[in-house]
Amino acid sequence: MRRFSYLVLLTMIVLTLAACGNGKAASSKAKSDKDGPIELTYWYAWGDKIGENNENLVKQFNEMQDEIHVTAEFQGNYDELHSKIQAAFAAKNPPDVTMNEISYIETFAKSGMTQELTPFVEQDPKGINMDDFNPGLMGNSYVDEKLYGLPYLRSTPIVYINKTLFDEKGIDPQSIQTWEDFKETAEKLTDDKHIGISMPVDIWFYEAFVAQAGGEMINKDGEMAFHEAGGVEALNLWKEMVINGTMRVPGGEPQQAADMARQDFANGRTGMFFSSTADLTLMLQLAEENGYELETIMFPENKERKVPTGGANFVMIAGLEEEKQQAAWEFIKFMTAPEQAAYSSAYTGYLPSRLSAGESETMQELYKEKPQFKVAVDQLQYGNARPMIKGYPEVQKILIEEIQRLMLDTSLDAQDVLDQAVERATSAIQ
């Protein structure tokens with residue numbers, strides 16, 4: 001098959017998008033009786049390539065039809081976005097459509113802030129192929145068997161590798177298959193100038209390690225379970241690596257800590273870095289700017305190989321007038337359609353949320369050109385949904401605080417720290 005350069009490939013995707021079969025995005029139901037198009041406001045999270053992706057797709061949607069006009073507005077990270085939505089909803093001035101980080105889906109749905117989408121799927125005259133959405137990404141789309149969001153910018157965490165440093169140390173990245181391999185590799189990478197890995201205390205990564213240890217964050221009865229054997233084993237691994245000096249855990253606010261860890265990896269100080277597949281385009285750019293080769297691999301396994309899925313679903317705000325509901329549905333369909341799923345994946349590194357997008361010639365050519373993109377797709381077979389119990393956003397904030405406490409004072413006992421997190425979180429959500 002003919003090989004294209006990356007820039008040419010992206011150009012092809014844009015042209016495909018402009019000519020895609022969603023050209024008639026707005027149905028007659030969405031057309032306003034008033035002069036001018038129906039106006040929708042769309043709030044999204046994250047900047048850089050992710051923000052550009054959102055702005056690009058909204059621009060395409062607005063240019064391909066004249067019945068609906070969408071205004072895209074950046075609202076910071078997920079926590080900032082969700083806080084602003086809650087405040088705006090209380091003030092009766094929310095956006096019409098937005099991104100909802102998947103662990104918040106149930107909280108927003110049961111609080112009456114987001115609209116059930118099941119009737120729109122069932123009554124859509126053009127139909128929408130729900131079987132085309134990747135099954136591994138649908139676990140956080142339903143609440144009480146009712147559809148509240150469609151997968152949009154979805155991800156799994158992957159391991160970013162400074163391949164140049166690995167080569168200098170004589171280490172094969174593909175040799176990292178287990179926790180023990182991961183720990184030993186971090187030791188080999190660590191010297192006077194380098195540390196094995198720099199990693200913020202991120203609940204997403206902890207969820208991955210707990211699952212790999214055979215544990216659960218929340219059990220089937222909706223009770224916190226991260227303080228049980230799997231959670232303790234995962235935290236003790238991190239603690240051991242911090243004590244040994246092979247893992248650096250930056251302190252401070254979560255976003256600040258994540259930025260510091262990324263900078264450690266970008267400037268070549270660390271050999272490994274955990275982050276979302278959504279960072280792939282940016283990390284490839286940073287690697288090129290800093291003069292090293294970047295490789296990606298799956299998360300290591302312990303008792304089993306497991307990773308949580310992440311990212312956001314597209315949701316509709318509850319309480320819209322019928323005309324706006326229909327317009328919002330057309331916009332949601334466009335943003336989650338196969339062509340747009342392929343575009344977003346190639347532009348950012350997010351997973352192609354539609355099966356047909358992943359199987360398309362566009363994506364297959366990209367995987368040949370940039371094999372780093374395919375790692376997260378291959379890893380999705382081991383993906384599992386994130387907890388969605390009401391109150392989980394508060395639980396995870398408390399858990400992060402407690403884990404950070406142990407990372408700063410490794411004399412603390414992991415079991416005691418996790419028990420304290422359960423006690424605090426139980427009190428908070430009650």
Q.
Looking at the range 168-209 only, could you name the residues that are within 18 Å of GLU233 (Cα to Cα) and among the polar types (S, T, N, Q)?
A. GLN177, THR178
(Q) Can you find a residue that is under 21 Å from THR336 (Cβ atoms), under 24 Å from the mean Cα position of the chain (by Cα) and hydrophobic (A, V, I, L, M, F, W, C) anywhere in the range 32-40? (A) no
Q | ILE105 touching a residue at least 12 places away in the same chain (Cβ under 8 Å), buried (at least 21 other Cβ atoms within 10 Å of the Cβ), over 29 Å from ALA385 (Cα atoms) and not aromatic (Phe, Trp, Tyr) | A | no
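Of these, ASN77, ASN134, which one is surrounded by 13 or more Cβ atoms within 10 Å (Cβ to Cβ), over 26 Å from ALA357 (Cα atoms), polar (S, T, N, Q) and within 18 Å of the chain's Cα centre (by Cα)?
Working: ASN134 fails: over 26 Å from ALA357 (Cα atoms).
Unique residue meeting the criteria: ASN77.
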Q: Kindly indicate the residue of the range 381-425 that is surrounded by fewer than 17 Cβ atoms within 10 Å (Cβ to Cβ) and hydroxyl-bearing (Ser, Thr, Tyr) and also nearest to GLY136 (Cα to Cα) among those meeting that condition.
A: THR410
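Considering each of GLU293, GLU289 in turn, give the residue that is among the charged types (D, E, K, R), touching a helix residue (DSSP H, G or I) at 6+ places or on another chain (Cβ under 9 Å) and free of Cβ contacts under 8 Å to residues at least 24 places away in the same chain. I'd like the intermediate steps shown before the answer.
Values: GLU293 fails: free of Cβ contacts under 8 Å to residues at least 24 places away in the same chain.
Going through GLU293, GLU289 in turn, just one is among the charged types (D, E, K, R), touching a helix residue (DSSP H, G or I) at 6+ places or on another chain (Cβ under 9 Å) and free of Cβ contacts under 8 Å to residues at least 24 places away in the same chain: GLU289.
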Q | Among (1) at pLDDT 90 or above; (2) assigned to a loop (DSSP other than H, G, I, E, B); (3) among the small types (Gly, Ala, Ser); (4) within 22 Å of the chain's Cα centre (by Cα) - the single one GLY112 does not satisfy | A | (4)
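Scan GLN115, GLN60, GLN75 and give me the residue that is over 24 Å from THR348 (Cα atoms) and polar (S, T, N, Q).
Details: GLN60 fails: over 24 Å from THR348 (Cα atoms); GLN75 fails: over 24 Å from THR348 (Cα atoms).
That would be GLN115, the only listed residue that is over 24 Å from THR348 (Cα atoms) and polar (S, T, N, Q).
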Q: Please enumerate the residues belonging to the range 83-102 that are buried (at least 21 other Cβ atoms within 10 Å of the Cβ), modelled with pLDDT of 95 or more and in a helix (DSSP H, G or I).
A: ILE85
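The values are calculated or read from the model by the stated rules, or taken from the named source; none is laboratory data. For clarity, every value in this text was computed on a predicted model and none was experimentally measured. Ideal geometry is used to build each Cβ from the backbone, glycine not excepted, and the neighbour counts take in all protein chains shown.
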